[in-house]
1. Out of all the residues in region 272-286, which are in a loop (DSSP other than H, G, I, E, B), under 14 Å from Lys226 (Cβ atoms) and in contact with a Phe, Trp or Tyr (Cβ under 7 Å, 6 or more places away or on another chain)?
2. Can you list residue pairs whose Cβ atoms sit under 7 Å apart, with the first residue in region 178-191 being over 11 Å from Phe214 (Cβ atoms) and of a type in the set (D, E, K, R) and the second being part of a loop (DSSP other than H, G, I, E, B) and open to solvent by 10 Å² or more (accessible area, probe 1.4 Å)? Count only pairs 6 or more apart in sequence or on different chains.
3. Need the failing condition index for Gly269 against (1) small (Gly, Ala, Ser); (2) on the phi > 0 side of the Ramachandran plot; (3) in a loop (DSSP other than H, G, I, E, B); (4) modelled with pLDDT of 95 or more, just the number.
4. Anything in region 4-28 that is farther than 22 Å from Thr212 by Cβ and in a loop (DSSP other than H, G, I, E, B)? List them, or say none.
5. Restricting to region 92-150, and then to whatever is out of contact with any helix residue (DSSP H, G or I) (no Cβ under 9 Å at 6 or more places or on another chain) and under 25 Å from Trp74 (Cα atoms), can you tell me which residue is most open to solvent (accessible area, probe 1.4 Å)?
6. Every residue in region 13-61 that is β-branched (Val, Ile, Thr) and modelled with pLDDT under 95, please.
7. Which condition from (1) among the charged types (D, E, K, R); (2) touching a helix residue (DSSP H, G or I) at 6+ places or on another chain (Cβ under 6 Å); (3) open to solvent by 70 Å² or more (accessible area, probe 1.4 Å) is the one that Asp85 breaks?
8. Filtering region 1-16 down to residues that are within 23 Å of Thr277 (Cα to Cα) and of a type in the set (A, V, I, L, M), which residue is most open to solvent (accessible area, probe 1.4 Å)?
Amino acid sequence: MVIRHTFSIKLLKPYDLLLTFYPSFTYSFYRFRGNKIIKDTGICSGTIFTFYSDHVVIDGPCSKDVARELLGLWFDPVEYVDTVDQRYRDYVLSLVNRFNGIRLAISPSDRIWVFISVFLSKATKFHTNTVKWVRKIASIGLDDFIKTGYRSIGNSFQLKQLWHLLNETDIINLLESFNPYNLDDSWRLRRKLLKYKYIGVKTVDAFLLFATPFSFFTPIDRHYRKFLAQKLGLRGYREPLNNLCRLYDCSICPLNRNCLSYFSRRNFGRLSGWIQTLSYLAGNKLLNI
């Protein structure tokens, strides 16, 4: 029997519902209805979150700790300013002061679904195509998708690659068995995932950003490259290389000093993934940084 709970969580500081969920790879797990969101996929399915000016009411099979992760309330950017290198602290503090209502909506308990959402976002419009595909897979069930094939959802190369990956490898067991709250386990998973066909560094880092509480994992996309070049004048760096990331943790990689991913984590600390998220929103014209 599913046990439902009804409780509230205070919103003590600014909280922006739209801008917290829009860049999250958990977006497709929810329906958005005015000041309510309903979780349809994965952990806490059926839970209704109703937002008011200073609190949110949670009604459904969800604990307070999980609800805080799902809504991004576990993450307060103000708390992590001291992890930023002194050279960039004033600038990052200005971002925190302006945008601290934007949080990181994660779901470690939904790590298989988070992986599917990230994987299907490759080379396509997330809110147009990926969200539609994830919701369709969830509606028929993951087991049925694996058994019946991707053509019941669509004919895109993303769906085809995902179907082959889920059928021909042990990736589901790998995702289920890793501990998303253990940092060493997360780094090990990063190297293991990069050994699979179709999976690159950006996919893995995006997955880890939204499936673990380790907010320094940072996917390097075109929005973030543009942000680093325009706002910080950062040039002469390159994206991380799959073949090196399979072998090394960043701290001992022979090319880390030229790597954007390493630069971001080393200088922005626990705010690295959050700053990348701001750049994504800016690139989609939802923020003016």
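The values are calculated or read from the model by the stated rules, or taken from the named source; none is laboratory data. All of these numbers come straight from a predicted model, not from anything done at the bench. Ideal geometry is used to build each Cβ from the backbone, glycine not excepted, and the neighbour counts take in all protein chains shown. Heavy atoms of the whole protein, side chains included, go into the accessibility calculation; ligands, DNA and RNA do not. Shrake-Rupley method; radii C 1.70, N 1.55, O 1.52, S 1.80 Å.
1. Scanning region 272-286 gives no hits.
2. These pairs meet every condition: Arg191/Arg246.
3. (3)
4. Hits for region 4-28 are Arg4, Leu11, Leu12, Lys13, Pro14, Asp16.
5. It comes out as Arg98.
6. Residues satisfying the conditions do not exist here.
7. Against the list (1) among the charged types (D, E, K, R); (2) touching a helix residue (DSSP H, G or I) at 6+ places or on another chain (Cβ under 6 Å); (3) open to solvent by 70 Å² or more (accessible area, probe 1.4 Å), Asp85 comes up short only on (3).
8. The residue in question is Leu12.
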